[in-house]
1. What whole-number distance in Å separates the alpha-carbon centres of region 74-122 and region 424-478?
2. Projected onto the charge dipole of region 52-117 (+1 at Lys/Arg Cβ, -1 at Asp/Glu Cβ, origin at the Cα centre), which of 97, 84, 53 gives the Cα projection farthest towards the positive end?
3. Could you point to the residue in 343, 309, 226 farthest towards the positive end of region 203-359's charge dipole, with +1 and -1 charges on the Cβ of Lys/Arg and Asp/Glu respectively?
4. What does the charge dipole of region 425-518 about its Cα centre add up to, to the nearest 20 debye, if the Cβ of each Lys and Arg holds +1 and the Cβ of each Asp and Glu holds -1?
5. About its Cα centre, what dipole magnitude does the chain give when the only charges are +1 on Lys and Arg Cβ and -1 on Asp and Glu Cβ, stated in debye to the nearest 20?
6. Using only the alpha-carbon atoms of region 84-187 as identical scatterers, what base-10 log of I(q)/I(0) does the Debye formula give at q = 0.10, 0.11, 0.12, 0.16 Å⁻¹?
7. Treat every Asp and Glu Cβ in region 328-447 as -1 and every Lys and Arg Cβ as +1, leave all other atoms uncharged, and give the resulting dipole magnitude about the Cα centre to the nearest 20 debye.
8. Which of 395, 516, 282 sits closest to the plus end of the dipole of the chain, meaning its Cα is farthest towards the positive end, when Lys and Arg get +1 and Asp and Glu get -1 on the C-beta?
Amino acid sequence: MNTKNIFKWAAGALCLATAVLTTSCSSDFLDREPEGYYATDKQVSEAAKWNANVMLGQMNSVTSRLISWRSGGTSQQHDFGQKSVDIATDLMSGDMVFSRGCNYGWFLDDARLINATANAERSSVIWTTYYKIIYDANSCIEAVGGVEPEGDEQKLYFAAAKVARAWAYFNLVVNYARNYETSKTQKILPVYDKVVDAAGSPQTVDSVYNFILKDLDEAFTAYVNAANDGYELTGIDQPNYDVCQTLKAYVLMQRGAAGDYAAALQAADLALQITDKSILPQSELFYGFNTINNNNWMWGIDINENNTGDLCTFWGMMDYFTYGYTAAGDVKSINSDLFSQIPATDARKNWFGFYSGGQFVQVPTFLLPINKFFDNGRTAMGDKNWRNDIHFMRVEEAYLLAAEAAARLGDAGTAVSYLQPLVEERDANKAAALASMSASELLDEIYFEWRVELWGEGRSLITAKRFKKDLQRPANDKYGVTIGNQGATNYNDKVYYFSIPTYELENNPLMKEATIIQ
């Protein structure tokens, strides 16, 4: 595959305008910059234009927000960036449950669906986490004047910052705004396109979606321009062009406006053309999802002694073989109803269960992801380093997005062409039946695939919202009875959408314009 030619085609297809840096001169020749150890914003900006390491430093701040304890501004152990949001929302969906109780209390409010009000801590944590990421991304973008820079390395970090900002706003809009058709004119989120000291006015949901898509298109143009000169990001710690296009497909699918499904299909297909990642084969399904060296991760972080959050991490909360809360009794299991829907021929069924007396058992109270997320030492409470890696996006998502977009367009044949490569590596028996399914039947299958394939990875709640599915509280949900939602609950219920935090309403006078839903 000629990546450079694909990029040239993509740039033409998107018809994006090229940003031009402008400079100005001054007759004032006096040196007005301070001497010493402190750099002004202007000095940082000038340095960034010739030294890409300046922008890399700014992007590392974004990366650290995604994995850091207290990213959301609290000292609580369930506040550690993206993966804490993933766990919280998966528990809200009911696809992940506390099957034996929650003795220590972390994520309990999420499981009980009492976390989304204006005064709830989770509402505040999510809001703060993503606006901090936006601030750091803006710092990186402003370092080169807010437009695509001239240097190719700078282009890459400029693009990555745009994708990170789009990622943050996407997570905000899907968590705080209801269905696009009913909420598009509501003002909920302030949009900051630069580093500012003053608070911002809330913008309409429609404006937020348009801002996200503009960021992603400008990011892709910068990636293309750098790649055509021979420059590409080599690691996966920064979001690359394949992440950019996969995220664009997510945004378009979640919005679902006229023309969005066709555009989402194009974006997901482009992501698959340009990525060097491949579907995890069945022979590697049980590697533990713990290393960036696996070839299905598009975006992830190599965790080491310098950036681990120790106990306050995904691994500290989810893995029986890591020193943390699972082996101490706070067992997070798959929804027993969903588990029962997984055919015996599906290899992923063996992701879930427990080992008792050396035997693998699968009972409702012990349907842990014991063979999906695990430390390779495989000793209860064994890993006390918390250095297993973290991922944010993998290539299977692009396949599912493309299949879903095609099915929503009524194109069953195209949907099968994207879905089959994944299903063949999970359940060959089912893969053989895909070709005979209608587009509507395929949508049901795709929804199932999202729930099983991405279990525990933070996609359950937004997927239910996109498919407009009732959220079931299963029999193995320890807290289903106490919240009164053991039966079906409409995806549009207020308990599944966060409220603007009280502190934002009180401290930002411009939020009086906001649409208060709860």
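The values are calculated or read from the model by the stated rules, or taken from the named source; none is laboratory data. Source: prediction; values computed, not measured. Backbone-built Cβ (ideal geometry, glycine too); neighbour counts: all protein chains shown. Ligands, DNA and RNA are stripped out before the accessible areas are found, and what is left, the full protein with its side chains, is counted by its heavy atoms. Shrake-Rupley method; radii C 1.70, N 1.55, O 1.52, S 1.80 Å.
1. Each part reduced to its Cα centre gives a spacing of 23 Å.
2. Value computed over the given set: 53.
3. In region 203-359, that residue is 343.
4. In total the dipole reaches around 200 debye.
5. In debye, rounded to 20, the chain gives about 1200.
6. Computed log10 I(q)/I(0) values: -0.41, -0.49, -0.56, -0.82.
7. The calculation lands at about 480 debye.
8. Comparing the listed Cα positions along the dipole, 516 ranks first.
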